[in-house]
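K.L.:
Sending over a structure as structure tokens; questions will come in a sec.
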């Protein structure tokens, strides 16, 4: 496992990390969750991603129980939470000072840790002034409850605004952004955020590197069953997989599988290594429901050196089809 700095901060994250979205407390048992986290940790992964919205907080409870049971030294892992969707009642969602701080306390209890290494604003909140959110995050950092804060799926303009406010008021600016990034979702990481890497030292903890499983090749012949698109709460994802764009993407996936075969690697490894090829990616958050998937994902870093200019041009020609 190799490690990368989170943007220009001094924090080092494993280039491949492990997240709880969809699987923990929903798709897999707690015992399997422990096995998957253990494989990731033993493979060198030191960042575990979570959020208050994942399984309505239960994903954090599962992860917290595992962290407590394993007893890994606190300085050997980084754990995150994200704040926005905490419930249906007023003040249970959004980025108001009240919800940001209460959600942090709740995440600490669920994860059974004394502080969050990373704390993300899960989405932008049009109903809360950015200054209010920046002040709340800065206060949590001053109290030692959060070490670094950032955003998830914010626009570059909003991130710049948060930085400007932080500088003006001598507060702590966001350090990182968590955008979706994969071969089919590239705009934010490769274009919109490009000026922010050098200007702000922005780090990125990218999610869905396998395009919700599309880039594993398992959907090439239709839904095999027992996947996230079969889960009732993710019916929106099934709809995305059934539109015309998804059909075009499946054609590209079959071509990408040939590239992987020529390199002697699996398609998931190729897709993850492609993300790692981008130097502005601090860590690639992987997810899995089976032990063999974690083992395979954690080996993707070994493929990066195989992606020379010729291979990258071949991949790009397929993606532009």
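The values are calculated or read from the model by the stated rules, or taken from the named source; none is laboratory data. This one's a predicted model, so the numbers in the text were calculated from it and none came from an experiment. Cβ atoms come from the backbone with ideal geometry, glycine included; neighbour counts cover every protein chain shown.
K.L.:
Check whether at least one residue in segment 48-60 is assigned to a loop (DSSP other than H, G, I, E, B), in contact (Cβ under 8 Å) with a residue 40 or more places away in the chain and surrounded by fewer than 22 Cβ atoms within 10 Å (Cβ to Cβ), and report yes or no.
P.N.:
Yes, some residue in segment 48-60 is assigned to a loop (DSSP other than H, G, I, E, B), in contact (Cβ under 8 Å) with a residue 40 or more places away in the chain and surrounded by fewer than 22 Cβ atoms within 10 Å (Cβ to Cβ).
K.L.:
Within segment 96-109, track down each residue that is more than 22 Å from residue 12 (Cα to Cα), in contact with a strand residue (DSSP E or B) (Cβ under 8 Å, 6 or more places away or on another chain) and touching a residue at least 24 places away in the same chain (Cβ under 8 Å).
P.N.:
100, 103, 104, 107, listed by residue number.
K.L.:
For segment 276-321, how many residues are part of a loop (DSSP other than H, G, I, E, B) and crowded, with 17+ Cβ neighbours inside 10 Å?
P.N.:
Number satisfying all stated conditions: 9.
K.L.:
Separate question: Could you say which residue among 165, 159 is out of contact with any strand residue (DSSP E or B) (no Cβ under 9 Å at 6 or more places or on another chain) and in contact (Cβ under 8 Å) with a residue 24 or more places away in the chain?
P.N.:
Sole residue among the options that is out of contact with any strand residue (DSSP E or B) (no Cβ under 9 Å at 6 or more places or on another chain) and in contact (Cβ under 8 Å) with a residue 24 or more places away in the chain: 165.
K.L.:
Now for a different question. Quick check on my filter: what residues within segment 80-105 are in contact with a helix residue (DSSP H, G or I) (Cβ under 7 Å, 6 or more places away or on another chain), closer than 17 Å to residue 55 by Cα and part of a helix (DSSP H, G or I)?
P.N.:
104
K.L.:
Turning to a different aspect of this structure: List every residue pair whose Cβ atoms lie under 7 Å apart, where the two residues are 6 or more positions apart in sequence or sit on different chains, the first residue falls within segment 110-121 and is under 15 Å from residue 172 (Cα atoms), and the second residue, located anywhere, is surrounded by fewer than 20 Cβ atoms within 10 Å (Cβ to Cβ).
P.N.:
So the pair list comes out as 117/147.
K.L.:
For the structure I just gave you, tell me whether residue 196 is more than 30 Å from residue 317 (Cβ to Cβ) and either at pLDDT below 95 or surrounded by fewer than 21 Cβ atoms within 10 Å (Cβ to Cβ) (or both).
P.N.:
So residue 196 fails the test.
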